[in-house]
Every structure is written in C-alpha cells, then in structure tokens.
Amino acid sequence: MDQHLNDTFESQLLDMMANAYVSVNYGAADKLLEAGNFKAAKNMYLDEARKIVGPDFRLPAPAGEGDGGVISSVYTGLNPLEWTNLMGCCLGMAKWHLHEKDTEMALAWLEEVNAVYRCTYFYSPDPLYDWMDFHLATPQDFRVIRARALVLASQIFLSLGNTGTATTRRHTALTTLHPLTPQLKEIVDIPCLLDLYQTRHPSPQVTLSNDTVSTALQVRGSWTKLNVAKSDVLTGGREDFASFIWNGRFYVAGGRKTSLGPWYRDLWALNLENPSEWRRLPDYPVAFSQSGMFAGWRMVVHNNTTVLFTGRSTIDVFDLVTEQWTSFKTTYVPTAADIAAGVQNRWPYPKERLSDAAMQIANDKLYVFGGSHGTTSIGCNLFMELDLRTRKWRRLSGYVRAPRHADYSCPGPRKSAASWVSKDKTRVYLLFGHADREGASFHDEAHGAESAFGYEDMWSWSIPEERWRRERMSGNPPCARTELACAYNEKLEKVFVFGGYQPTLPTYVMEQRIQFNYSYFADTFVYDMSPSSPPSGTVSQEPTYSAPKWKQVLTHGFPTYRCQAQLACDPATGRTYMFGGFTNNQYIPTRTKLFSRSFGDIWELRTEESGGHFDEVNLEEEARSSKAGPWQRCFSCASPGPWKKCGGSCKGRVFFCGGPCLKDGWKEHKEMHKCRKA
C-alpha cells in the first residue's frame with residue numbers, strides 16, 4: 001500500500017498528545033487476563049472502553065444497523081491515545097471470548113479494532129483512498145495492538161479452514177505496519193506467513209473433511225458439475241461474458257475465449273430441468289463500431305426481458321418470451337453538481353463506452369456503479385440511476401474520473417465489483433472489486449502504480465435515504481478479491497460468493513520454485529442476510545448473533561481456482577449455478593503448457609440449510625470421488641492429485657493414486673458402482 005504521512009500534521013498531533021491525558025489501563029487488564037483472573041479482566045476492559053466511547057455506545061457494533069458498523073462519528077472524534085486504549089480493550093475482549101470458546105464474538109471484537117483503525121483515516125488533512133496507509137503519530141502500542149489483532153484473527157480464520165482470509169490478515173500486518181520493528185516482525189511471524197503463502201484457497205487437504213467447527217460461521221455444501229453436451233463455441237471456455245437465469249433457463253452472452261480472442265456477440269440458453277445441451281438464440285445485433293466489444297457487460301432481468309447497458313444512451317433489450325432484440329433511447333440532463341463531478345458533453349460516460357460495472361434493477365430502476373469507460377482505466381465510482389418508466393438518467397454519487405483526493409461518503413473507484421439488491425428492494429449492495437492502478441500507470445493516468453489494488457470492503461446504498469453506508473464484514477468473510485462470482489438467492493435470502501482473484505496476495509509453489517504475486521480462489525462463502533437464532537447457552541440480547549454475517553461453505557470438492565466466473569440463482573427453485581471463468585494455467589501445477597485457460601463448465605451449489613437441496617448430496621461418495629479444483633481424489637485414500645481414472649466399465653467414475661490404492665479399493669468400487677474390468 002502507499003504510505004501517507006504529513007509532517008506538519010504529525011507535529012500538530014504530537015503537540016496534542018503531549019497535552020492529552022488518557023489512562024491506558026488496558027495493560028492492567030491484560031495482566032489480569034494473563035494471571036487467569038478472567039472475569040476481572042473482562043470488567044476492566046469494558047469499563048475502560050466505556051470511559052472512552054460513553055455508556056450508551058454499543059460494543060461491538062452489530063452489522064447491518066445504524067451507520068453500518070465501520071465508520072463512527074464517535075471514533076473519528078477520538079485522539080490517538082484514546083484509539084490506542086480502545087483498540088487494546090477490544091483486543092482483550094477478543095481474547096476473553098476465545099477463552100470462553102465463543103469464536104463469533106472474538107471475531108466481532110477483532111473487527112472492532114479494524115473499525116477503529118479505519119476511522120483514523122479521518123485525521124488526515126486530505127481524504128485518503130483505501131490503497132493509502134495513513135501513518136499517524138501514534139504510540140508504538142497502536143501498531144503493536146493492530147498487529148496482534150490481525151495475527152489473532154488470522155489464527156482464528158485458519159482454525160476455521162478459511163485460509164484466504166487467514167493469509168490476508170497476516171499479510172496485511174506485514175505490508176501496512178511501518179516501520180516494521182523487530183517486535184512487529186516477531187508478532188507477524190514471517191516464517192508462518194511464508195507457509196501460508198504456499199497454501200491454495202481452499203486447500204484440497206483441508207477440504208478432505210467438510211465437518212463444521214462452528215455452525216454460526218460455517219455451513220456444509222456441495223459442488224456438482226452438470227453433464228452438458230460439448231459445444232466448441234461455448235463449453236470450450238468463456239470469460240468476460242454476461243449471464244442470468246430466467247424461467248428455469250441459464251443464459252450466457254458475449255465475452256471471449258481468451259484475452260487474445262476470439263470475441264463473441266452471441267446468446268445461448270440452457271434448460272436447467274434437462275441440461276443436455278445449449279441452445280443458440282439471436283446474436284446481439286448492434287455493430288462493433290457502435291458498441292465496442294461485448295466484454296465486461298451485464299444483462300439484468302426486468303419482468304420478461306433482460307436489459308443491457310453498454311455506456312451508450314441507447315438501452316438494448318432482449319425479450320425473453322419472443323426471443324428478439326429491441327432498443328430504446330434514454331435522456332440525461334446534467335446538473336451543476338454533475339458537471340463539477342466531471343460530466344462533459346451532456347453524457348456521463350466518455351466515448352459512450354462502459355465495462356466491468358456493477359448493475360442491478362430495483363423498483364423499475366436500473367442502478368449502475370463504477371466500471372471503466374472511454375477515459376479511465378483505473379475504474380470510476382460514478383453511481384447512476386435510470387428510471388425504466390420515464391427513461392431518464394440521474395447521477396446519485398461519485399465522479400467520472402477518480403479525483404485527487406478520496407470521498408469518504410461513497411465507495412472508491414473500481415471495476416468488477418459484485419452487487420445485489422436486498423429482498424425488500426430498499427438497498428443496493430456493493431462488494432469488493434479492484435482499482436486498476438497498473439492500467440492507470442500504463443495509460444499515464446492519475447493514481448497509477450505497479451499493481452492493481454483489491455478492495456476489502458462492502459457498502460450499501462439506501463434507496464429511500466439516498467446515501468451510502470460502509471458495511472461491517474462480520475462473521476467468517478471472504479478476503480479481498482475482485483472478478484468474483486456473486487449472486488443473491490432471493491428464495492433463501494442469502495448471497496453466495498465463489499472464487500475470484502487478488503492482485504497482490506502472493507502464492508508460492510515451492511516444488512516448482514515459482515512465486516506468483518497474486519492469488520486465484522476457489523473458496524465459497526454465503527452472506528446470511530436473514531436474522532438467525534443465537535446459539536444455545538448464549539445471551540440472546542447480544543445483537544451480534546442475530547445480525548447479518550458471512551459463513552464459509554465447506555465442500556469436499558470444488559471447481560478449479562478461477563476468476564470471472566458467474567453465479568446465478570433460480571428464483572423459482574432456489575438453486576444456485578456457476579458457469580465459466582478463467583485462470584492462469586501456471587497457477588495450476590497440473591497444467592503448465594499454456595499461459596491461461598477459460599472454462600465452459602457449469603456447476604450447481606447445494607448447501608445444508610433450509611431450501612438448499614443438501615438432501616440430494618451423497619456425502620460418502622463425494623468425499624472419495626469429488627473433483628478438488630484441478631485435482632482428483634483417490635477413491636481409496638481420498639488424497640488429491642493428478643491421478644489416473646479407473647479403466648473399467650464405469651468409464652472413469654473414480655480415480656486411484658497408484659497400484660496399492662487400486663488394489664485396496666477395487667472390490668468396494670466394483671460393488672458400489674457395478675464396475676467391471678474392460
């Protein structure tokens with residue numbers, strides 16, 4: 001991250017701290033905790049915290065309420081000594097809850113440390129982007145507490161099997177705490193971090209068992225690949241495409257096979273009740289010269305049509321009943337505020353081009369956030385609304401191009417963010433994405449850098465109030481990533497996330513002596529937006545238990561590590577499907593001949609919750625024969641690897657890692673699958 005420190009402002013802070021008095025009593029509570037006097041330690045932590053924030057301030061802040069649980073006017077009004085003392089109390093409470101074996105509350109208190117740290121950015125004279133790490137003139141304890149909180153969170157996430165977030169938290173401690181003193185290096189434990197860099201997310205070894213450690217933070221699931229007849233155009237692989245589900249059919253449009261092409265402008269449909277083969281529909285009729293490449297676009301279902309916005313003032317529509325393309329014109333009259341935000345020539349998207357934006361429809365209105373257009377590579381944070389009844393646009397927030405300084409009232413500039421709309425249609429959610437600072441550097445734009453920046457944030461836009469709220473990443477969340485697959489399952493009231501890409505989280509492959517400066521993911525998460533009952537034996541008044549939270553979906557098998565895949569949910573059945581995407585082949589040890597590969601496979605996700613169709617899963621069979629990313633599991637020992645498939649009459653239904661396992665497992669395989677030697 002970029003380092004930001006203002007010398008004049010630092011001097012002012014030092015003067016303020018010299019005249020400030022704050023009793024740093026979290027240290028005394030730490031001693032009580034170390035001595036085993038847990039109740040007294042807890043009471044002291046809470047008492048000291050309340051002295052700072054007041055008796056009526058809720059700690060820890062629950063997700064999904066008030067200001068979202070991240071930015072607090074109380075926190076932004078504190079001074080560095082108060083931040084330090086408060087963070088120390090929050091870290092102590094996390095340790096106390098771990099002693100009480102309450103992992104969920106421990107993580108909630110550690111997230112409070114992160115919220116306090118985020119609010120320190122408000123002390124900068126100039127608003128800072130998330131990729132800037134603000135170094136306040138804080139006591140050394142401030143950095144030590146933050147480091148310990150990040151490392152403790154990493155340990156908890158690792159115990160839950162969430163290797164991506166575990167690695168990210170410790171990596172953040174290494175890369176953002178400067179200067180990195182010997183004490184901080186010892187806390188970060190660089191050898192441990194190097195071990196984490198060698199881990200895939202998820203690790204096939206970790207997924208040998210999908211038994212949950214915490215039902216509040218994990219849920220069992222299953223990925224099943226659908227058998228669809230091969231099509232050279234579609235099943236051969238696709239990335240940067242659009243997709244959606246309507247009336248029991250999965251639709252795929254446009255995109256490309258690889259970054260070098262070929263490029264597509266086609267439209268296909270798959271009947272999910274009988275997914276035998278893809279059916280081709282009329283191609284997108286607008287000429288390339290008018291719209292540009294059909295890549296990074298979104299198609300959003302509205303009634304019995306799907307809406308396609310490409311950055312032009314003309315909206316393209318595909319009628320899902322008649323299966324014909326049409327279009328209509330829209331209008332936009334910029335206000336003085338719009339012009340101040342960078343709008344020129346009476347249209348917000350320069351050169352009438354837009355890609356990699358987030359789009360949703362709620363209450364007959366199309367909402368469009370971010371993406372890259374004709375004059376920006378890094379991405380923008382322009383947030384627009386189109387009334388589909390009046391066909392008029394208006395700007396809600398953001399800028400055409402990222403200004404010099406950040407705007408804390410809205411999400412930062414980005415591409416490829418995930419999005420969804422709440423069931424009551426009152427909030428539009430935005431998750432992750434990336435600022436393409438590398439692309440900005442290449443095109444000599446502002447905010448350029450050697451690598452892109454992956455966001456680790458979640459926001460929601462209140463449609464009635466017309467304002468943004470930064471949301472707390474509560475529970476057991478995915479780590480920062482972009483180009484992830486994401487879909488809201490309205491029937492289950494849950495959001496599902498799969499895979500993605502982190503441009504700055506390293507991955508080491510020691511056996512090949514390869515270091516990647518990025519990571520691909522194949523992990524699965526669910527954001528539970530419906531209130532749940534608190535766990536047995538807990539205090540029901542604690543709102544953290546019933547607040548929206550993230551859980552990791554534990555599966556024996558999973559699709560290969562990838563980004564740019566698309567998730568879609570069938571609103572009638574509640575079933576969730578995933579299609580396509582791509583990965584760097586060198587990232588997959590079994591495929592190193594080609595630089596990259598796109599996928600044309602389609603999978604169904606089932607989860608162990610009401611309406612999740614988990615009763616259809618054969619766990620015993622899956623544990624021994626599921627595909628774990630690019631690897632197969634041995635039927636006998638369940639270890640993952642590039643094993644050989646059975647050559648019998650089962651037509652390769654199972655795999656064996658070698659002769660001994662084939663000998664041990666042949667009889668059982670023969671009886672279970674009626675296999676005979678061919």
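The values are calculated or read from the model by the stated rules, or taken from the named source; none is laboratory data. All values reported here derive from a predicted model rather than from experimental measurement. As a convention, Cβ positions derive from the backbone with ideal geometry for all residues, glycine included, and neighbour counts pool all protein chains shown. With ligands, DNA and RNA removed, areas are computed over all heavy atoms of the protein, side chains included. Shrake-Rupley method; radii C 1.70, N 1.55, O 1.52, S 1.80 Å.
Filtered by the rule that a residue be at pLDDT 95 or above and not acidic (Asp, Glu), the range 520-536 gives 520, 521, 522, 524, 525, 526, 527.
When the range 110-132 is limited to residues that are closer than 25 Å to residue 157 by Cα and of a type in the set (Asp, Glu), the one that is farthest from the chain's Cα centre (by Cα) turns out to be 112. Scanning the range 644-678 for residues that are surrounded by 18 or more Cβ atoms within 10 Å (Cβ to Cβ) and in contact (Cβ under 8 Å) with a residue 24 or more places away in the chain yields 646, 648, 654, 655, 661, 662, 665, 669, 675.
Quick one: in the range 400-420, which of the residues that are farther than 21 Å from residue 339 by Cβ and in contact with a Pro (Cβ under 9 Å, 6 or more places away or on another chain) is most open to solvent (accessible area, probe 1.4 Å)? Here the residue is 408. Pairs linking a residue in the range 141-159 that is within 18 Å of residue 84 (Cβ to Cβ) to a residue that is charged (D, E, K, R) and open to solvent by less than 40 Å² (accessible area, probe 1.4 Å), with Cβ atoms under 7 Å and 6 or more positions apart or on different chains, are 150/169; 150/170; 151/170. Listed by position, the strands (runs of 3 or more DSSP E) contained in the range 295-381 that have at least 1 residues being open to solvent by 10 Å² or more (accessible area, probe 1.4 Å) and touching a His at 6+ places or on another chain (Cβ under 8 Å) are 358-362. State yes or no: is residue 452 in contact with a helix residue (DSSP H, G or I) (Cβ under 6 Å, 6 or more places away or on another chain), modelled with pLDDT of 95 or more, crowded, with 20+ Cβ neighbours inside 10 Å and under 29 Å from residue 374 (Cα atoms)? Considered against the rule, which asks whether it is in contact with a helix residue (DSSP H, G or I) (Cβ under 6 Å, 6 or more places away or on another chain), modelled with pLDDT of 95 or more, crowded, with 20+ Cβ neighbours inside 10 Å and under 29 Å from residue 374 (Cα atoms), residue 452 comes out as yes. Please verify whether the range 157-172 includes one or more residues that are assigned to a loop (DSSP other than H, G, I, E, B) and of a type in the set (Lys, Arg). Checked the range 157-172: no residue is assigned to a loop (DSSP other than H, G, I, E, B) and of a type in the set (Lys, Arg).
Across the range 483-515, the qualifying residues are those that are more than 23 Å from residue 577 (Cα to Cα) and open to solvent by less than 10 Å² (accessible area, probe 1.4 Å), and the one among them that is modelled with the lowest pLDDT is 509.
Taken together, the criteria place residue 424 among residues that are under 22 Å from residue 368 (Cβ atoms), without any contact (Cβ under 8 Å) to a residue 12 or more places away in the chain, in a loop (DSSP other than H, G, I, E, B) and open to solvent by 10 Å² or more (accessible area, probe 1.4 Å). Taking the criterion of being at positive phi and open to solvent by less than 20 Å² (accessible area, probe 1.4 Å), no residue of the range 84-119 qualifies. Looking at residue 23, is it part of a helix (DSSP H, G or I), loosely packed, with under 13 Cβ neighbours inside 10 Å, modelled with pLDDT under 95 and not hydrophobic (A, V, I, L, M, F, W, C)? The answer is no for residue 23. For the range 54-83, filtered to residues that are among the β-branched types (Val, Ile, Thr), in contact (Cβ under 8 Å) with a residue 24 or more places away in the chain and surrounded by fewer than 20 Cβ atoms within 10 Å (Cβ to Cβ), the residue that is nearest to residue 474 (Cα to Cα) is 71.
When the range 625-643 is filtered for residues that are open to solvent by 30 Å² or more (accessible area, probe 1.4 Å) and closer than 23 Å to residue 522 by Cα, the ones remaining, listed by number, are 627, 631, 632, 637, 639, 642, 643.
Residue pairs whose Cβ atoms lie under 9 Å apart, separated by 6 or more positions or on different chains, with the first residue in the range 392-405 and closer than 18 Å to residue 335 by Cα and touching a residue at least 60 places away in the same chain (Cβ under 8 Å) and the second among the aliphatic types (A, V, I, L, M) and surrounded by fewer than 19 Cβ atoms within 10 Å (Cβ to Cβ), are 392/333; 393/333; 394/333; 395/337. With a requirement of 3 or more residues that are surrounded by 13 or more Cβ atoms within 10 Å (Cβ to Cβ) and touching a residue at least 12 places away in the same chain (Cβ under 8 Å), the strands (runs of 3 or more DSSP E) lying completely within the range 176-287 that satisfy it span 218-225, 242-246, 249-256, 263-271.
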